[in-house]
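The values are calculated or read from the model by the stated rules, or taken from the named source; none is laboratory data. Keep in mind that what you see is a predicted model, and the values were worked out from it rather than measured. Virtual Cβ from ideal backbone geometry, glycine too; neighbours counted across all protein chains shown.
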Amino acid sequence: MKRIWAGAMAVAVIITIFGGQSDAAVRTVSKPLPFPAPGVQTPHLSYDADDQVWRVPMHRRLIALTFDDGPYPFYTPLLLHVLDRSHVAATFFCVGRSAQEFPELIDRIIASGDEIGNHTFNHYALKGLSDEQIAGQIMEGGAILSTFVGRPLELFRPPHGSYDRRVLEIAAAMGYRTVFWSDSPEDTKNISPALEVQRVLAQAEPGGIVLLHSGQYRTIESLPVIIDRLRARGYTFVTVGQLLASGSL
């Protein structure tokens, strides 16, 4: 069962972790942290199998493109142009500090009909952090991004794919489903656009989740070909949220 701590205990944790942050960031948080105040033993947390998603089992040829990091002033507008021109909706896992710096780009992502997910505030590798730091990164990133969406976010992806059981439990306790991927061309490495296309196509499957990155020009170059080739195979592009809602079909 997901555990939510309320009242003065939650307030104490928020003040402890975010004492140096702005009041606006704290006020936007709708859920207390799943941790007690300093000095009080942390409760045992748990998560359901459905709280982590690698792909969504289904027969229909639906597939979700996801883009990590950013937004970036140069790359994100180009990426959105390709998606808009191709009439494809995708899921963007955005970093809170980047959203603060470039809020107009978050607005543009949403206006294009794309989905926003939480990629933490600072893009730190979470596995090396304390429980409280993990919760702080997720909470502050979600607080900032939810102000653009107008509601609490439901999807979370740990930066660098760095996670352990604590990360999954904490995210689940805060109301998130942790989204990984079933298809990755490793587009942050020095590969050609042609190889990126080849790798995506080789791993594509119904209900698949494709991991791409917002700050890679090779991905912008390869994306039109990826879209065309997958459509030729009968795939329809959906957001992660839509994919989850269509599971087992």
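Whether any residue in the stretch 158-173 is crowded, with 17+ Cβ neighbours inside 10 Å and among the aromatic types (Phe, Trp, Tyr) is what I want to check. Yes; the residues of the stretch 158-173 include at least one that is crowded, with 17+ Cβ neighbours inside 10 Å and among the aromatic types (Phe, Trp, Tyr).
Residue-by-condition table, conditions (1) surrounded by fewer than 21 Cβ atoms within 10 Å (Cβ to Cβ); (2) of a type outside the set (S, T, N, Q):
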{"site": "92", "(1), (2)": "no, yes"}
{"site": "100", "(1), (2)": "yes, no"}
{"site": "108", "(1), (2)": "yes, yes"}
{"site": "122", "(1), (2)": "yes, no"}
{"site": "127", "(1), (2)": "yes, yes"}
{"site": "135", "(1), (2)": "no, yes"}
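Residues checked against (1) in contact with a strand residue (DSSP E or B) (Cβ under 9 Å, 6 or more places away or on another chain); (2) over 19 Å from residue 174 (Cβ atoms):
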position: 85; (1), (2): no, yes
position: 88; (1), (2): yes, yes
position: 92; (1), (2): yes, yes
position: 110; (1), (2): yes, yes
position: 120; (1), (2): yes, no
position: 134; (1), (2): no, no
position: 140; (1), (2): no, no
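The single condition from (1) over 11 Å from the mean Cα position of the chain (by Cα); (2) under 22 Å from residue 188 (Cβ atoms); (3) part of a helix (DSSP H, G or I) that residue 144 fails is (2). Consider residue 137 carefully, then state whether it is more than 22 Å from residue 181 (Cβ to Cβ), at pLDDT 95 or above and of a type outside the set (A, V, I, L, M). No: the conditions fail for residue 137.
Return the residues of the stretch 184-194 that are surrounded by fewer than 22 Cβ atoms within 10 Å (Cβ to Cβ), out of contact with any His (no Cβ under 9 Å at 6 or more places or on another chain) and touching a residue at least 24 places away in the same chain (Cβ under 8 Å); say none if nothing qualifies. Result: 184, 191, 192, 193, 194. Taken together, 223, 195, 230 contain a single residue that is of a type in the set (A, V, I, L, M, F, W, C) and within 20 Å of the chain's Cα centre (by Cα), which is 223. For the stretch 216-249, residues that are at pLDDT below 95 and either at positive phi or surrounded by 17 or more Cβ atoms within 10 Å (Cβ to Cβ) (or both) total 1.
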